[in-house]
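Taking it in order: structure first as C-alpha cells, then the write-up.
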Amino acid sequence: MGKMLARLVQRNKAFITSRRSMALYIDEQPSFNPFQAIRLVKAHALAAFDETISAVVHLNVDPKRGEQVVKGSCALPHGLGKKTTVAVFTGEENKEKAKLAGADILSSPALLKEITAGNITFDKIIATPDMVPQLKPLAKILGPKGLFPNEKMGNLVTAAKLENAIRNAKMGSVEFKVDPGRNVHAPIGKCTFVDKALIENLRAFIVAVSERKPPGVKGSYFKGAYLSSTMGPSWKIEISTIDPRNTKTYLLGDLTKL
C-alpha cells in the first residue's frame, strides 16, 4: 500500500509540474494583433485543402453557474465559404415568405418522420414558437447536434423575425457556447478569404460574445484569444487589440483601408 501511495504522489507531482509548465508556456507565447495572427495562420496552413480558420476566446466566467453560461449566435458578414442548408419549422401562413427568404426545407409530417428516423439532411433549424410542441419529442435527436430551437441561440424566433433569421443562417451564422474550460469557439472563414473578410467575421463574433457578458462577471471578461487553422498551430492574439471596450481596438477601426 505504501509503495502504491508513493507512486500516486509522484504521478500527481509530475502532473502538477506539467500543468505549470503548460501555463508558463501559454503565458510566454508571443501575442499578435488580429491582422498579424491571420497572416501567420495562413502562412502555416499547409494542408492540401482549404483549411477553416477558427477563433477561440478564453473568458472570465464560471460555466458551472447557470447565469454565467455564455451562449448565442451571430451572423458572419462574409459567411463561412460553404453552402448552408436551412430547415424552417413554421405555420402554413409563414411558409411562402420563408421560402422566398431562402429556406431550403419547410416543415412537414414527412420531415418529422425523417428526423425521427435519424436522417438529418440540413445544417440549421429555424422555428417559430408555435412549432415547438411538434419538435419537443425530437429533442433527444436534435439537442446533441445543437439543432434544437433556442431563443438564445437565435434559431427560435417570432414570425416577424423569421425572414431575417433565415437570411442570417444562409449568409453564415455561427453558434457558440462556453465549454467547461471557459472557452468559446467559432469558425470565421476559410484560408482563401481575403484578410478584410476574416477580420470583419472575427469582429462580428467578438462583438456577439462581448454583448453576452454575464452581469455578475467582475474584472476583465476576455482572458485570452487564439486563431488557428484546421491543421495548423494556434496564434495568440493580444487581448487589447480585440476587446470592444478598448476604443483603440483594431476591430473597431476603419477596415475599408485593408
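The values are calculated or read from the model by the stated rules, or taken from the named source; none is laboratory data. Being a predicted model, the structure only gives us computed values, none of them experimental. For neighbour counting, all protein chains shown are included, and Cβ atoms are generated from backbone atoms with ideal geometry for every residue, glycine included. Just so you know, the surface numbers come from the protein's heavy atoms only, side chains and all, with ligands and any DNA or RNA stripped out. Shrake-Rupley method; radii C 1.70, N 1.55, O 1.52, S 1.80 Å.
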For this session: Between Ala117 and Lys97, with labels modelled 7 Å along Cα→Cβ, what's the label distance in nm to one decimal, could you check?
Result: 3.3 nm
For this session: Lys and Arg at +1, Asp and Glu at -1: add these up for the other residues within a Cβ distance under 14 Å of Ala98 and post the number.
Result: +1
For this session: Anything over 26 Å Cα to Cα? Flag those among Lys97/Lys213; Lys124/Lys177; Lys113/Lys140; Lys42/Lys236; Lys124/Lys223; Lys71/Lys140, in the order listed.
Result: Lys97/Lys213; Lys124/Lys223
Problem set entry | Ranking by accessible area, most exposed first, for Thr52, Thr90, Thr192, Thr158 with a 1.4 Å probe | Thr192, Thr158, Thr52, Thr90
Exercise. Along its principal axes, what span do the Cα atoms of segment 135-216 show, with the longest given first and each in whole Å?
Worked result: 43, 33, 26
For this session: Order the peptides 176-182, 221-227, 112-118, 148-154 from the highest to the lowest mean number of other Cβ atoms within 10 Å of their residues.
Result: 221-227, 148-154, 176-182, 112-118
For this session: Give me the aspartates and glutamates in straight-line cross-link reach of Lys83: C-alpha distance below 20 Å, same-chain residues under 8 apart excluded.
Result: Asp50, Glu51, Asp104, Asp123, Glu163, Glu175, Glu200
Exercise. So between Lys83 and Asp130, what do we pick up on full extension, going 0.36 nm a residue minus the alpha carbon distance?
Worked result: 14.1 nm
Seminar exercise, completed: Cα extents of segment 51-142 along the principal axes, largest first, in whole Å, come to 44, 32, 26
